Amino acid sequence: MRRSLFTTPRIAASDITPPERYLSRRALLAGGVGLAAAHTLGAGMQSAFAETGDALAALRNEAFSVTERPTSFEDVSSYNNFYEFGTGKNDPARYAVKLRTRPWSVTVSGAAEITGTYTLEDMLKPHPLEERVYRLRCVEAWSMVIPWIGFPLGDLLKRFKPTSKAKYVIFKTLKDMGQMRGQREPVLDWPYTEGLRMDEAMHPLALLAVGMYGRVLPNQDGAPLRLVVPWKYGFKSIKSIVSIQFADRAPRTAWAIAAPEEYGFYANVNPAVDHPRWSQASERRIGDGLFAQRHPTLPFNGYASDVASLYSGMDLRRNF
Ligand SMILES: Nc1nc2c(c(=O)[nH]1)N[C@H]1C(S)=C(S)[C@@H](COP(=O)(O)O)O[C@H]1N2
Ligand SMILES: [Mo]
């Protein structure tokens with residue numbers, strides 16, 4: 001049965017898991033300031049989820065941002081993986097103009113007290129936006145640094161009151177070969193499907209992005225709503241989400257269906273575990289130029305002090 005999200009009380013600040021459970025000391029020390037600032041901006045920005053390319057302002061949350069220089073907007077919006085529009089890096093920029101991102105709705109289902117289909121505006125309205133500069137490490141051994149605009153995934157998920165059966169969250173991208181020409185080919189098992197363990201999804205670093213570089217997301221980067229999980233390989237960060245499902249079991253994800261020996265469910269960035277066909281020890285930073293030095297890849301993409309504890313006791317070679 002469909003119930004309105006707005007008839008339920010907003011999450012009280014006291015219900016939010018205290019940050020000290022999750023954050024490194026470094027992040028925590030700077031944390032309060034950045035978050036408080038972002039929240040005061042929130043209310044005035046709600047009309048800002050306009051159209052692709054429109055300006056979208058948000059204060060930077062320094063505690064959750066790396067200090068490396070961002071990759072150029074041109075590179076981030078023209079060198080993409082979005083197989084729904086083709087497998088070439090330039091295909092998404094060329095063909096994703098066909099994607100209609102307004103109106104947009106997201107269906108929430110499964111093990112939660114509140115489920116139903118919600119407009120994009122319903123989903124976004126209560127959430128103050130902030131900017132976070134994250135590294136994105138693709139499984140193909142290249143990386144970028146991107147100033148995303150969004151809000152913590154966990155803040156949205158809590159509004160649906162997941163039950164104790166909700167051990168995983170499953171995300172799906174739109175399936176519509178009229179708009180997504182790449183879906184005419186059986187390259188992946190459409191729709192693109194990804195998932196997170198519930199504690200991963202609730203981690204404050206997991207972001208839902210609606211913009212980047214001070215603008216609403218370009219279609220090729222996953223408009224109108226995409227996941228960003230900075231400590232995992234880029235393929236976990238699913239674009240153009242239309243479905244969120246709370247489940248008691250991990251889904252079979254699109255890449256794990258395509259090549260189970262190569263792409264696991266966890267996909268934590270790990271320089272010590274090579275892809276079967278190439279090394280994951282280093283990466284090429286997009287925009288650095290052909291002869292630039294490669295960067296060493298960091299465990300959990302540099303976010304180990306924040307997230308490694310989520311996997312304590314797990315064999316990360318087996319759970320790759
Ligand atoms: N729906 C969907 N989401 C997707 C992909 C895709 O093909 N389809 N590619 C993933 C991969 S492999 C990467 S590296 C990132 C790239 O995000 P960007 O193009 O915004 O840099 O998106 C991820 N999300
Ligand atoms: Mo990727």
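Filter the range 175-201 down to residues that are buried (at least 22 other Cβ atoms within 10 Å of the Cβ) and aliphatic (A, V, I, L, M), then give me how many there are. Residues in the range 175-201 being buried (at least 22 other Cβ atoms within 10 Å of the Cβ) and aliphatic (A, V, I, L, M): 3 in total. Within the range 303-320, the set of residues being under 19 Å from the mean Cα position of the chain (by Cα) and not in a helix (DSSP H, G or I) comprises 303, 320.
From the list 182, 195, the lone residue that is touching a residue at least 12 places away in the same chain (Cβ under 8 Å), more than 9 Å from ligand 1 (Cβ to nearest atom) and either over 12 Å from residue 148 (Cβ atoms) or assigned to a loop (DSSP other than H, G, I, E, B) (or both) is 195. Each residue in the range 143-158 was checked for being within 12 Å of ligand 1 (Cβ to nearest atom) and either among the hydroxyl-bearing types (Ser, Thr, Tyr) or over 20 Å from residue 63 (Cβ atoms) (or both), and 2 pass.
Of all residues in the range 213-226, which are within 8 Å of ligand 1 (Cβ to nearest atom) and either assigned to a strand (DSSP E or B) or over 19 Å from residue 76 (Cβ atoms) (or both)?
Correct list: 226 only.
Summed over the range 237-256, residues that are within 15 Å of ligand 1 (Cβ to nearest atom) and touching a Phe, Trp or Tyr at 6+ places or on another chain (Cβ under 9 Å) total 12. Against the test of being crowded, with 22+ Cβ neighbours inside 10 Å and either of a type outside the set (Phe, Trp, Tyr) or at positive phi (or both), the options 172, 167, 161, 125 yield a single qualifying residue, 172. Filtered by the rule that a residue be surrounded by 21 or more Cβ atoms within 10 Å (Cβ to Cβ) and assigned to a helix (DSSP H, G or I), the range 146-155 gives 153, 154.
Screening the range 282-320 for residues that are under 21 Å from residue 201 (Cβ atoms), hydroxyl-bearing (Ser, Thr, Tyr) and in contact with a strand residue (DSSP E or B) (Cβ under 9 Å, 6 or more places away or on another chain) and picking the one that is surrounded by the most Cβ atoms within 10 Å (Cβ to Cβ) gives 303.
Name the one entry in 246, 235 that is assigned to a strand (DSSP E or B) and among the aromatic types (Phe, Trp, Tyr). First the steps, then the outcome.
Details: 235 fails: assigned to a strand (DSSP E or B).
Result of the check over 246, 235: 246.
Pairs linking a residue in the range 117-134 that is more than 23 Å from residue 61 (Cβ to Cβ) and outside any loop (DSSP other than H, G, I, E, B) to a residue that is small (Gly, Ala, Ser) and modelled with pLDDT of 95 or more, with Cβ atoms under 7 Å and 6 or more positions apart or on different chains, are 117/105; 118/105; 119/105.
Matching residues to (1) more than 16 Å from ligand 1 (Cβ to nearest atom); (2) acidic (Asp, Glu); (3) surrounded by fewer than 19 Cβ atoms within 10 Å (Cβ to Cβ):
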position: 76; (1), (2), (3): no, no, no
position: 82; (1), (2), (3): no, no, no
position: 85; (1), (2), (3): no, no, no
position: 91; (1), (2), (3): no, yes, no
position: 98; (1), (2), (3): no, no, yes
position: 108; (1), (2), (3): yes, no, no
position: 113; (1), (2), (3): yes, yes, yes
position: 119; (1), (2), (3): yes, no, yes
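The values are calculated or read from the model by the stated rules, or taken from the named source; none is laboratory data. Computed from a predicted structure; not experimentally measured. Backbone-built Cβ (ideal geometry, glycine too); neighbour counts: all protein chains shown.
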